[in-house]
Structures are given as C-alpha cells and as structure tokens.
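J.: Structure in structure tokens, see below.
The values are calculated or read from the model by the stated rules, or taken from the named source; none is laboratory data. Please read all numbers here as calculations on a predicted model, not as lab measurements. Counting neighbours? That spans all protein chains shown, and the Cβs are built from the backbone with ideal geometry, glycine included.
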Amino acid sequence: MAKLSPKRESVPLLAGLVLLARGKVRDSYLLPDGKHILQVATDGISIFDFVLNALVPMKGVILTALSVFWFKKLEEYGVRTHLVAYGAAIDEYLPAELRGNPDLQSRALVVKKLEMANVEFVVRSCLTGSALKPYRVTGMVCGHQIVSGLEDGDVLPCLLDTPTTKAEVGHDEHMNAAEIRARYPDQTYTALKVFQIAETYARSCGIVLADTKFEFAADGTLADEVLTPDASRYWSLPEWLRTRAKDGARKAPTAYDKEFVRGFGIKHGINLLKPENPDDVATAQALEIPNAVIKKTTDIYRYIFWRLTGESIEDYLRLRMGVNAKRWPVAKVAIVCGSESDLPAVQEAVRGILPQDAEIVVHVMSCHRNPKEVAAFAANGCGGAEAVIAVGGKALALPGIVDALVYAFGFDIPVIGVALGEPGSDALLAAQLSIEELPGAPVIIDEFVERAYEGADGLRDALDRIISGELPPSSMRTEKPVQMRVWSNNPTQ
C-alpha cells in the first residue's frame, strides 16, 4: 500500500465502524450488518503512485457523485454493479451517530462486500498514456499487435482491453490480454460493453473517452469507482479533432483530470522518483502544491462533472442524491461594455435575472479611450467579481486587454467575450475574430460550437453558464520572454 501523506492521514476516521483499508483516496469500512462496505472518497490526490501532501476541495464529492451517475446509467443497460445506497439513503446502514451528515452523504457509498479480481481491466479507444512506450518499441500493447504509424492520441483500430496488475506499491504493469480474457471472460466482455456505452454517451456531450480502468468482483460485478476523472482520460472533442489535424508527430490534448498537478510534479522531477524508495516518497510528499494548481484542479473536476451530467455538483447532490447540500454561492458578475451603444443588448440579456441568482454590475469603459480606468478596474480585482463578461463590436480588444491585465495584477478571474453587431456585418465578424483568434485562447468562448458568444442571446447564455453551470477551466499560462532591442539601425545607441 502506498504511504499516505500527512494531509491524507489527517482526514478523520469514522467512529463506530471497522476500518478495512485506507487507500490513496478512499477509506473503506465494514458496516454493522457485515454484508456491506461504506466507501468514502476523500479529497486526497496522488500522481505517479505518490500520495501528495495536499487535498483538492470537492474532489471526493465529485468522484462519488459521478460514480453514482454512471452506476445508475449502466444499470439501465443491465450491468450488475456493487452500488447499494448513496446520498441520504446511506443513513439506513449507518450507526445513529453517523446519520444526517451531509458531507458524509456526499462522499460515501454503501456497496456490496465482494471478493475482488486482482486485475485492473483497462480499456482504450485511443493510443496514449502507458500504452505509448510498448507500442513504439514493439508495435504491441498487452499482446495486441497494432497497426504501425499511430501517434499519441490517435484512434485505435478497435477497442482494446489492456489489463494491468494492481500493484500495492509502485506502478501497475501491463498483462497479456489473451490470458486475462481466458481467466476473466465475463469481466472482460462487460468492461468492453461498458466502455462502448460510456464512449457513445460522452461523445454526445462533446467529450472523448480515451481510456479508463474498471475493477470487478470475482463474480463479474462492476465495483469500485467507475468512469471518474481519477480512473479515466477525458478530452474535449473539438480540441482532440484539432490535434488530429496536425501533420507529423501528434500529441494528445490535455485531459480533464489532475493534469495540472501532474505537470507541476513533472517540473519538480516527481515522475523520475520510485514509489518503493522511502527517500523518494519523502521527497514527493515534501512538495508544496501551489494554491493556484489546487484551485484549477477543483475547477477541472467540477467542469467535467457538469459536462457529463448537465448539472452542477451542488444541484446533483440535492436533486439526485437527496443531500441537504449548500447551494453554490450567488454569482458576482461584472459586465464591461466598450460603448454606451452596447447597453441595450446588455439590458435585454439581464432582464429577469434576480439578485439571489447573480449580482451583476455593468460598466462602460473603452480600453483605447480609458486605458487608466481599465487598468484600475483590473488592479482592483474587477470589483470583487468572480467572472467578467466583456461586450462590444468591431475590433473588440476589450476582452483580451481585460484578461491580460487581470492576469498581470495576479488575479484568477475568467473573462468571457461577447461579440455584438448586426448579423452578417463586418462589425460582428471583427468582434468575433478579435475574441476567437487571441493567441493562447485566454478569453472564454462557447466551447460547444467553438465560437464567441454573440448578441444579447449569447450574453444571456454566458450569464446562465456562470449562474448554473461551469466555465471551461483555463490553461496554465506560458510566459513569453520579452526581447528588448532585437534590432536597431543605430547599434551605437
């Protein structure tokens, strides 16, 4: 078992229950009836098989709720799962002193006590991750011969079962697929079936399911977590399509998971350490994860949950799991118009939005004519706004300028661009391109159609996203070096 970090170990144990295991993320308890287990997902996080000394807020809640979502969907297709109770219904199985706890109801599942198969059943639709190295060396993965010429992220000729070991410490190792099929035919068949169901559904949400791992009981029951970001590699479909259009060496897009933490770990060499070495474990757990990386990871988990379920995690807990969860705080939004002529479209969009849904403040300032005021607005944290919508027409520099200044002054506030203008007009086209063609795409657009939000309807859609949905997580910014005096016709000065 991987050594737990101090913060992971600090997660309180539940009194009155027998602890069966403490994993990287989950704690498991035997329930009083002896037939069921309480599986509790914490906010712990691990990379490269090291449990980091960090907690990611809401992570365990999202893992639990997303497993519930998938278990319920898969049961509609006749898939047998270990799920017994979730949400408020877990209280029926708990001692009296543990009942009525919204946080526990949000994190815990009551599941069947089963004998587990000692295999990770990994299924892949795309070539990426740990399958890349053996493919590039031998052209094979887990005994499957694969066509040549594939690059990172390319679609495989068919779904592949690529099982691995379940290492107690260290990395899982690939196993021969034919041997595992022979030992566990039902589990392999179900894994492929479940993946196909999930892949088709995810595509309908604009998401690519590249690979995932399943765990099964010896009797073929689907168990553990299922199709969560911790167990799966999810990609944006439009982003994946863009990466496939490139010539030469292609690279898979960034996954909706703990990629920011993993990237931070790689910068500090954690990927080069060995989990079996106590000194390396100490080094990994001494790494302090920046708050910005933690926040972005929470944002990513929230976002992929919303994309797959269509509901915020708070709404899902209340409406689908019967948990008396806190409502998401009232959104605070700043709308910045480049001109007074933009106000009618803004007034039309905000009509009917109540203060209990969103606190909206509208400003009029031009980044060209009021540069000092725009800079002061950004330096002041946009007046406490949690999101900014920059609105205008023609060559609309406002969204990009506001976003750059907000970042320069050290704030992490998303900026959405909304283009205004008559349909088909040059003014509308110029505004759209000003938003969509920014290098690095820092300003948020409607990622479902890969276009900037347009007009009063687009502004209302952007507001609705802020109020009841999730905004796409921003990328970690890459600083470009400033190069002063690159050339001069007077080298003496």
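J.: Go through (1) of a type in the set (Ser, Thr, Tyr); (2) within 27 Å of Glu76 (Cα to Cα); (3) crowded, with 16+ Cβ neighbours inside 10 Å for Tyr189 and report which single condition fails.
T.: Here Tyr189 clears every test but (3).
J.: Ok, one more. Out of segment 263-284, which residues are crowded, with 19+ Cβ neighbours inside 10 Å and either under 22 Å from Asp446 (Cβ atoms) or out of contact with any Asp or Glu (no Cβ under 7 Å at 6 or more places or on another chain) (or both)?
T.: Passing the criteria: Phe264, Gly265, Ile270, Val281, Ala284.
J.: Sticking with this structure for a sec: Return a yes/no flag: does segment 352-365 have any residue that is in contact with a Gly (Cβ under 7 Å, 6 or more places away or on another chain) and surrounded by fewer than 16 Cβ atoms within 10 Å (Cβ to Cβ).
T.: Within segment 352-365, one or more residues are in contact with a Gly (Cβ under 7 Å, 6 or more places away or on another chain) and surrounded by fewer than 16 Cβ atoms within 10 Å (Cβ to Cβ).
J.: On to the next question. With the structure loaded, tell me whether Tyr407 is farther than 23 Å from Ala452 by Cβ and among the hydroxyl-bearing types (Ser, Thr, Tyr) or whether it fails that test.
T.: Against the criterion (farther than 23 Å from Ala452 by Cβ and among the hydroxyl-bearing types (Ser, Thr, Tyr)), Tyr407 does not qualify.
J.: For residues that are of a type in the set (Ser, Thr, Tyr) and not in a loop (DSSP other than H, G, I, E, B), scanning just segment 436-493, find the one that is nearest to Ile416 (Cα to Cα).
T.: That would be Tyr453.
J.: So, in segment 5-25, how many residues would count as being in contact (Cβ under 8 Å) with a residue 60 or more places away in the chain and surrounded by 13 or more Cβ atoms within 10 Å (Cβ to Cβ)?
T.: Final tally of qualifying residues: 4.
J.: From the list Val361, Val293, Val333, Val346, pick out the single residue that is assigned by TED's automatic domain parsing to the domain that holds Phe411, over 27 Å from Gly100 (Cα atoms) and under 24 Å from the mean Cα position of the chain (by Cα).
T.: Unique residue meeting the criteria: Val333.
J.: Taking Gly421 as the residue in question, decide whether it is over 25 Å from the mean Cα position of the chain (by Cα) and surrounded by 13 or more Cβ atoms within 10 Å (Cβ to Cβ).
T.: Yes, satisfied.
J.: Please indicate, with yes or no, whether at least one residue in segment 311-328 is charged (D, E, K, R), under 30 Å from Ala419 (Cα atoms), assigned to a helix (DSSP H, G or I) and touching a residue at least 40 places away in the same chain (Cβ under 8 Å).
T.: Looking for residues that are charged (D, E, K, R), under 30 Å from Ala419 (Cα atoms), assigned to a helix (DSSP H, G or I) and touching a residue at least 40 places away in the same chain (Cβ under 8 Å), one finds none in segment 311-328, hence no.
J.: Is it the case that some residue within segment 439-455 is surrounded by fewer than 19 Cβ atoms within 10 Å (Cβ to Cβ) and among the β-branched types (Val, Ile, Thr)?
T.: yes
J.: Before we move on, is Gly381 on the phi > 0 side of the Ramachandran plot and modelled with pLDDT under 95?
T.: no
J.: Does Asp161 fit the bill of being charged (D, E, K, R), more than 30 Å from Leu272 (Cα to Cα) and at pLDDT 95 or above?
T.: no
J.: A further question follows. What do you reckon, is Thr200 out of contact with any helix residue (DSSP H, G or I) (no Cβ under 7 Å at 6 or more places or on another chain), of a type in the set (Ser, Thr, Tyr), farther than 28 Å from Lys24 by Cα and assigned to a helix (DSSP H, G or I)?
T.: Against the criterion (out of contact with any helix residue (DSSP H, G or I) (no Cβ under 7 Å at 6 or more places or on another chain), of a type in the set (Ser, Thr, Tyr), farther than 28 Å from Lys24 by Cα and assigned to a helix (DSSP H, G or I)), Thr200 qualifies.
J.: Look at Ala349 and say whether it is crowded, with 17+ Cβ neighbours inside 10 Å, assigned to a loop (DSSP other than H, G, I, E, B) and at pLDDT below 95.
T.: no
J.: Shifting gears a bit: Return the residues of segment 106-143 that are surrounded by fewer than 18 Cβ atoms within 10 Å (Cβ to Cβ) and in contact (Cβ under 8 Å) with a residue 60 or more places away in the chain; say none if nothing qualifies.
T.: Within segment 106-143, Lys112, Lys113, Leu114, Glu115, Met116, Gly129 qualify.
J.: Can you tell me which residues in segment 46-62 are farther than 21 Å from Ala282 by Cβ, buried (at least 22 other Cβ atoms within 10 Å of the Cβ) and hydrophobic (A, V, I, L, M, F, W, C)?
T.: Selection gives Val56, Val61, Ile62.
J.: Sticking with this one: Can you confirm whether Val79 is touching a Ser or Thr at 6+ places or on another chain (Cβ under 7 Å), in a loop (DSSP other than H, G, I, E, B), among the β-branched types (Val, Ile, Thr) and over 30 Å from Asn291 (Cβ atoms)?
T.: Yes; evaluated as a whole, the condition is true for this residue.
J.: Does segment 235-244 contain at least one residue that is assigned to a helix (DSSP H, G or I), touching a residue at least 12 places away in the same chain (Cβ under 8 Å) and aromatic (Phe, Trp, Tyr)?
T.: Yes, there is a match, as at least one residue in segment 235-244 is assigned to a helix (DSSP H, G or I), touching a residue at least 12 places away in the same chain (Cβ under 8 Å) and aromatic (Phe, Trp, Tyr).
J.: Search segment 144-180 for residues being small (Gly, Ala, Ser) and under 25 Å from the mean Cα position of the chain (by Cα), and hand back the single one that is surrounded by the fewest Cβ atoms within 10 Å (Cβ to Cβ).
T.: My answer is Gly170.
J.: Hey, another quick one. Would you mention how many residues in segment 82-133 are under 30 Å from Arg250 (Cβ atoms), out of contact with any Ser or Thr (no Cβ under 9 Å at 6 or more places or on another chain) and of a type outside the set (A, V, I, L, M, F, W, C)?
T.: Total meeting the criteria: 4.
J.: Of everything in segment 353-367, what is assigned to a strand (DSSP E or B), among the aliphatic types (A, V, I, L, M) and closer than 17 Å to Gly393 by Cα? Give them in sequence order.
T.: Once the filter is applied, which keeps residues that are assigned to a strand (DSSP E or B), among the aliphatic types (A, V, I, L, M) and closer than 17 Å to Gly393 by Cα, segment 353-367 yields Val362, Val364.
J.: In segment 25-68, how many are over 17 Å from Pro6 (Cβ atoms), outside any strand (DSSP E or B) and more than 16 Å from the chain's Cα centre (by Cα)?
T.: 8
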